[in-house]
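Below is one structure, written out as structure tokens; the observations come after it.
The values are calculated or read from the model by the stated rules, or taken from the named source; none is laboratory data. The structure presented is a predicted model; accordingly, all values stated were derived computationally and were not measured. Don't worry about glycine lacking a Cβ; one is built from the backbone with ideal geometry, like all the others, and counts go over all protein chains shown. Heavy atoms of the whole protein, side chains included, go into the accessibility calculation; ligands, DNA and RNA do not. Shrake-Rupley method; radii C 1.70, N 1.55, O 1.52, S 1.80 Å.
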Amino acid sequence: MITRAKNFRYRSPEWTPDGNYIIVARATGPIGTSKLWMFHKDAGGGTQLIRDPQPPLAGAFPLNLMGAAFGRDPRYIWFGQRSGAWEYNAGFPQWQLVTFDRQTGRRETRANLYGSAFRPAVSPDGRWLVYGSRYETQTGLRIRDLETSEERWLAYPVQRDEQESVASLDVLPGYSFTPDGQAIVVSYGGKIWRVP
């Protein structure tokens with residue numbers, strides 16, 4: 001067991017590239033917002049990586065952060081971000097992709113589409129970004145060449161996302177690049193797929 005807290009929910013864990021730490025989205029309750037925490041593989045109290053502004057800005061909702069991912073450079077953590085936990089009849093976009101610089105603490109928005117951007121995965125060589133988004137009524141996976149910024153649908157549709165809900169496990173189930181970066185392994189439609 002890595003964590004011992006009884007009143008938290010842990011979502012979408014991801015290993016750091018060196019294999020010594022796990023980045024996880026930790027929520028204070030079943031419908032509370034999640035924050036990114038880092039825990040050592042041998043246990044301990046963990047460290048919160050990103051905090052809401054203090055004091056809170058007037059009218060601002062707390063940030064909800066999920067789906068941490070690493071590429072070639074372990075300095076940067078990719079993740080999905082939204083304001084607040086969830087709401088009825090929510091307007092779009094709900095989620096955007098952000099990077100967190102572990103050295104400077106700076107955050108930078110990397111994708112903000114009308115259908116939202118969530119659950120990032122970066123290829124081991126740092127060349128490709130895959131993330132979930134919705135177009136009209138269906139959810140798919142988009143792929144972006146991080147060298148040229150060209151982008152297209154990689155797999156569409158996949159399965160329904162959980163943008164309008166609490167996203168109790170994450171907005172989409174996890175998926176990963178193969179070690180050579182030539183495909184992703186993802187589940188949808190009741191099957192496991194290797195998508196080139």
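Below is a table of values for the structure above.
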| item | result |
| --- | --- |
| 3J(HN,Hα) from dihedral phi, the stretch 167-179, Karplus parametrisation 6.51/-1.76/1.60, rounded to Hz, x for glycine, proline | 6, 4, 10, 2, 6, 9, x, x, 8, 9, 6, 5, x |
| Vicinal HN-Hα couplings computed from phi for the stretch 121-129 (Karplus, 6.51 cos²θ - 1.76 cosθ + 1.60; Hz; Gly/Pro x) | 9, 10, 5, x, 8, x, 7, 10, 10 |
| Spacing of the two label points (7 Å from each Cα toward its C-beta) at GLU108 and GLU87, in nm | 2.9 nm |
| Surface accessible to a 1.4 Å probe, per residue, for the residues of the chain, Å² | 55 Å² |
| Carbon plus sulfur fraction of accessible area for the stretch 62-172, probe 1.4 Å, in percent | 44 percent |
| Residues with amide H under 5 Å from that of ASP161, placed H, sequence gap 5 or more | THR139 |
| ASP180/ARG4 FRET efficiency (R0 45 Å; Cβ-Cβ; nearest 0.05) | 0.75 |
| 3J(HN,Hα) from dihedral phi, the stretch 11-25, Karplus parametrisation 6.51/-1.76/1.60, rounded to Hz, x for glycine, proline | 10, 6, x, 8, 6, 6, x, 7, x, 9, 10, 10, 9, 9, 8 |
| Cα gyration tensor category, rounded, prolate or oblate, for the stretch 1-63 with a/c compared to 1.5 | prolate |
| Nonlocal amide H pairs with LEU63, under 5 Å, H built at 1.01 Å | GLY84 |
| Quotient of Cα Rg and 2.2 N^0.38 Å for the stretch 1-119, N being how many residues it contains | 1.06 |
| Cut-off of 10 Å, at most 16 other beta carbons, DSSP loop: longest stretch of the chain lacking such GluC sites (Glu not before Pro) | 1-86 |
| Filtered chymotrypsin sites (Phe, Trp or Tyr not before Pro), the stretch 103-196: DSSP coil and at most 16 other beta carbons within 10 Å | TYR114 |
| The chain: relative contact order in percent, alpha carbon pairs under 8 Å with at least 6 residues between | 14 percent |
| Neighbourhood net charge (14 Å Cβ-Cβ; Lys/Arg +1, Asp/Glu -1) for GLU151 | +2 |
| Chain lengthening between GLN159 and HIS40 when straightened (0.36 nm per residue, less Cα-Cα) | 39.6 nm |
| Label point 7 Å beyond Cα of ARG127 along Cβ direction - residues of the stretch 68-104 with amide nitrogen under 19 Å | 70-74 |
